[in-house]
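Working notes, beginning with the structure itself.
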Amino acid sequence: MEFRVLQYFLAVAREQSISGAAQALHLSQPTLSRQLKEMEEELGKQLFIRSNRKITLTPEGILLRSRAEEIVRLMEKTREEISVPDKAIAGTICIGAGESGSAHFLVRAVQALQKEHPGVHFHIHSGDKATITEQLDQGLMDFGLVFGEVDAFKYEAIPVPYSDRWGVLIRQDSPLAGLEQIRPQDLRGAPLILSRQEMSELKLTPWFGRKSGELNVVATYNLLFYGALMARQGMGYTLCLDGILDTPETSGLCFRPLFPPVEAKMNLIWRKNRPLTQAAELFRDKIEELA
């Protein structure tokens, strides 16, 4: 399967029309139709459902679109890295970052390096640990800022000099809002809203003093925006890290830390045995300098 044809496929998926994609690609419709037909024959699967109004993707076409987008991003990133002039320090550094107060440290390092090397640009993608490590493994990210245990077999890591404190987002009209700290007995039987990563790693289970199956988990979230929204709607109590979300009086929520305290340590990680660009090496060095 040629890279060029993958780009044709993505254009058709985007335009939902052979004629629209052909115009955008400066190709004739018969040429584009033939290329797509040959792709379907090569894969042995139908990728499009064709109608008079528009073209839609089959389940196999949806999967191919996802993979093709990853391939195109990786090719563009590789082309950019290789084409940088020999003596220039430039390029784009892609960082996946979990929601954390450590983001302030990350941005300080980004700003410091960019002042020294204006040709270096950054793309920061928010996500949880599972998403970030998946993209690191695929080569779509250079670094990841994650909390929790690090797989030392796969990743190099630099500890970030910042600790996040676990607590609970609570509606201001809840009886628990009157407490200064939240103890395990305060949440016994209460509806809980946990992050997807916490559900997979179960770091807070010892704090609760109970097995995970005994907790009343009513929902999970990936990023805190929806966790906070569910808490605001009264669905339950959202466990999260402090410093991610402002909780002014107008928000209807308040944050209360856990007691005994529970802290999360952050690490900047990158794949072992995968060469870094010159710009990425300088960023790693800047992190070590500031840490």
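The values are calculated or read from the model by the stated rules, or taken from the named source; none is laboratory data. Every value quoted in this text rests on a predicted model; they were computed, and no experiment measured them. So basically every Cβ, Gly included, is an ideal-geometry build from the backbone, and we count neighbours across all protein chains shown.
Only residues that are among the charged types (D, E, K, R) and more than 22 Å from the chain's Cα centre (by Cα): list them for region 233-280, please. Break it down stepwise before answering.
Restricting attention to region 233-280, the residues satisfying the condition of being among the charged types (D, E, K, R) are 242, 246, 249, 256, 263, 265, 271-272, 274.
Selection gives Glu249, Arg256.
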Exercise for the section: Please tell me if His104 is in the same structural domain as Thr133 (by TED's automatic domain parsing), loosely packed, with under 12 Cβ neighbours inside 10 Å and out of contact with any Leu (no Cβ under 6 Å at 6 or more places or on another chain). Expected result: yes
Completion exercise
Of Val110, Val12, the only residue that is modelled with pLDDT of 85 or more and within 30 Å of Ala264 (Cβ to Cβ) is Val110
Handout entry: Residue count, region 160-193 (criterion: surrounded by fewer than 20 Cβ atoms within 10 Å (Cβ to Cβ), under 11 Å from Phe259 (Cβ atoms) and in contact (Cβ under 8 Å) with a residue 12 or more places away in the chain)
Key = 7
Problem - The lone exception for Thr58 - which of (1) in contact (Cβ under 8 Å) with a residue 24 or more places away in the chain; (2) under 16 Å from Ala68 (Cα atoms); (3) in contact with a Leu (Cβ under 8 Å, 6 or more places away or on another chain) it fails - result: (1)
Practice task
Tell me which residues, restricted to region 161-175, are modelled with pLDDT of 90 or more and in a strand (DSSP E or B).
Solution key: Arg165, Trp166, Gly167, Val168, Leu169, Ile170, Arg171
